[in-house]
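Shown next, in structure tokens, is the structure this report addresses.
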Amino acid sequence: MFKYILFDFDGTLVDTNELIITALRETAKRFINRDLTQEDLNSILGKYLDDQMKHLSPENYRKMSDYYSMFYKKNQDAMVKEFCGIRDMLARLKDLGAKTAIVSAKEPGGIKHGLNLFKLDGYIDCIISAHDIQNNKPHPEPALKAMAALGAKPDETLLVGDSPYDVACAQNAGIKSVLVGWTIFPKESFLEASPDFYIDKPADLIEIVKSGCV
């Protein structure tokens, strides 16, 4: 079976989709008086916060990053949701003896807050956050650091995420990728990324893990 499962955080384990999009739109409206289109959002989702804001406004990105962070923290408890089936999936992975990690460009405080909010922290063995890496996905560094921390072998490792960046990170790290069907990215973008597996619901991951199909 696959013994080591690496998860993206936002949009994969925890439903932050509405909050992220609202925070991005509110920030852009406030600082550059711009209504972000879906194309605008697609071009920045999944990147470091500062890189997102630099893309929107190189002159104002620091203030925009600070405002986004403030808005996110203020609204996270009300707007962040738990994806249906995630808790059961993580519990079943633990029962199977699989080791898990989060690989995310998010700040560690935000990851831990989200895990604690939904009492998922007991299912995660390792967190690789923005503070632990120099290069974000699609660079392989986040996955490779998590694998080193877990003692994982490439042929026993999966990376589960909601974006083409997650798929590319897995490919660059020499491991298999799983793309989730509850992504906010447009379907054509992630199918073009050629993930090794695609799942419609969290429970589908268990059969992939148990099969160990490569």
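Would you pick out the residues in the stretch 52-70 that are in a helix (DSSP H, G or I) and loosely packed, with under 15 Cβ neighbours inside 10 Å? Step through it out loud before you land on a result.
Filtering the stretch 52-70 for residues in a helix (DSSP H, G or I) gives 52-56, 61-70.
Hits for the stretch 52-70 are H55, R62, K63, D66, M70.
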Residue under evaluation G174, criteria (1) under 18 Å from I206 (Cα atoms); (2) in contact with a Pro (Cβ under 6 Å, 6 or more places away or on another chain); (3) surrounded by fewer than 16 Cβ atoms within 10 Å (Cβ to Cβ), criterion not met: (1)
Some residue of the stretch 143-166 being out of contact with any Gly (no Cβ under 9 Å at 6 or more places or on another chain), among the charged types (D, E, K, R) and farther than 21 Å from A98 by Cβ: no
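Can you confirm whether Y198 is in a helix (DSSP H, G or I), of a type in the set (S, T, Y) and either under 23 Å from L41 (Cα atoms) or modelled with pLDDT under 95 (or both)? Explain how you work it out, then say what you get.
Numbers: in a helix (DSSP H, G or I): no; of a type in the set (S, T, Y): yes; either under 23 Å from L41 (Cα atoms) or modelled with pLDDT under 95 (or both): yes.
Answer is no for this residue.
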Pick from the stretch 111-141, criterion in contact with a helix residue (DSSP H, G or I) (Cβ under 8 Å, 6 or more places away or on another chain) and among the aliphatic types (A, V, I, L, M), ranking: surrounded by the most Cβ atoms within 10 Å (Cβ to Cβ): I128
Subset of the stretch 71-84 [surrounded by 15 or more Cβ atoms within 10 Å (Cβ to Cβ) and not aliphatic (A, V, I, L, M)]: F71, Y72, N75, Q76, E82, F83
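When you scan the stretch 183-191, do you find a residue that is within 13 Å of V103 (Cα to Cα) and aliphatic (A, V, I, L, M), even just one?
Scanning the stretch 183-191, I find no residue that is within 13 Å of V103 (Cα to Cα) and aliphatic (A, V, I, L, M), so the answer is no.
Can you pull out the residues in the stretch 194-214 that are basic (K, R) and either farther than 20 Å from T183 by Cβ or loosely packed, with under 13 Cβ neighbours inside 10 Å (or both)? Break it down stepwise before answering.
First pass over the stretch 194-214, keeping only residues basic (K, R): 201, 210.
The answer is K210, and nothing else.
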Positions within the stretch 1-51 being farther than 26 Å from F118 by Cβ, at pLDDT 95 or above and assigned to a helix (DSSP H, G or I), in sequence order: A28, K29, R30, F31, I32
Condition broken by V80, with the remaining ones in (1) hydrophobic (A, V, I, L, M, F, W, C); (2) in contact with a Ser or Thr (Cβ under 7 Å, 6 or more places away or on another chain); (3) under 22 Å from T22 (Cβ atoms); (4) modelled with pLDDT of 95 or more satisfied: (4)
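The values are calculated or read from the model by the stated rules, or taken from the named source; none is laboratory data. On a predicted model such as this, the values are computed, not experimentally measured, just so you know. Glycine also receives a Cβ, built like all others from the backbone with ideal geometry; neighbour counts cover every protein chain displayed.
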